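The values are calculated or read from the model by the stated rules, or taken from the named source; none is laboratory data. Computed from a predicted model, the values in this text were never measured in an experiment. Glycine gets a Cβ as well: all are built from the backbone with ideal geometry, and neighbour counts include every protein chain shown. SASA here: full protein model, heavy atoms, side chains in, ligands and nucleic acids out. Shrake-Rupley method; radii C 1.70, N 1.55, O 1.52, S 1.80 Å.
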Amino acid sequence: GHEKFFSQKGIYRKLNWFWFGALGGLIAWFLYAIFQNINMDWFAGALESLVNTSLIKSPLQGLGAFDNISQNMDTLSYQVLDGIGLGFGLCFSLALVEEMGQARKISIGRILLRTFLGMMLALIVFTIGFLIQYSVFPNAYVTGLLTWTMFGLVIGVVLSIKSTINIGKGILGGIIAGFVAFHLYYGVTKLDHDLWPLAKLVGFILLGGILGVIIVAVVSRYEDFELEYVEPAKYRKINPISIAITGA
């Protein structure tokens, strides 16, 4: 049945979302590997210049966290780059599989829009996570969980833009996926430090796969009770079937 794999019917739909999610994780790891093997000092320098602006420096000094943050700019740099890579890889792959699962024509514009938004929002989320960890709550597990849960929420919101996924379902699926995926990723990256590159690879791929399958599982669970009108475009809407039946 390999020829039916991309049909997105029955179990193949969840398999598709898992496969494309894992592909997004692989893309994110590939970008991470590139960032690790080229000189990114300029990026860390740009972040340091940004942190030293009066708009950001003054509030951090008020919290007594400026020195701690300024001494960990390399960590911020890599964390932000992780966010950019994950935002790009996961949003591109999951937006692509969402488009492939609909009767309408695939739109490259919609895919690129969600990819760009996901990348920018992920950058913001991972930066906020870093600032919380180094200025408010110095606990790597708690701040990591908060960051990844926010990241899942962002993915859910982005996937609902100009798509058939209801924003509420996208947010719910994203939050659950971020929570579950973080614990798996956290466990994998706690392996022997010598295995760190492999752990990062496995962690990103599993993270993407789990995000994909949980989001589609949540969306599919509710879609059983809805009817979507696709054409003509001006009448496009989603009706809960259960309410329609009750009203009848």
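Descriptive notes on the structure:
- Shown are Trp148, Trp19, Trp29, whose ranking by accessible area with a 1.4 Å probe and every protein chain present, most to least, is Trp19, Trp29, Trp148.
- Residue-level accessible surface for Ile27, protein heavy atoms, 1.4 Å, Å²: 40 Å²
- Accessible-area rank, largest first, for Lys14, Lys105, Lys200: Lys105, Lys14, Lys200, with all protein chains present and a 1.4 angstrom probe.
- Alpha-carbon geometry of the range 97-159: the Rg and the Dmax are 15.2, 48 Å, given in that order.
- Cα-derived Rg over Rh, computed across the range 64-183 with Rh taken as Kirkwood radius: 1.05
- Approximating the spin labels as points 7 Å out from Cα along Cα→Cβ, the Ser107-to-Ala140 distance works out to 4.3 nm.
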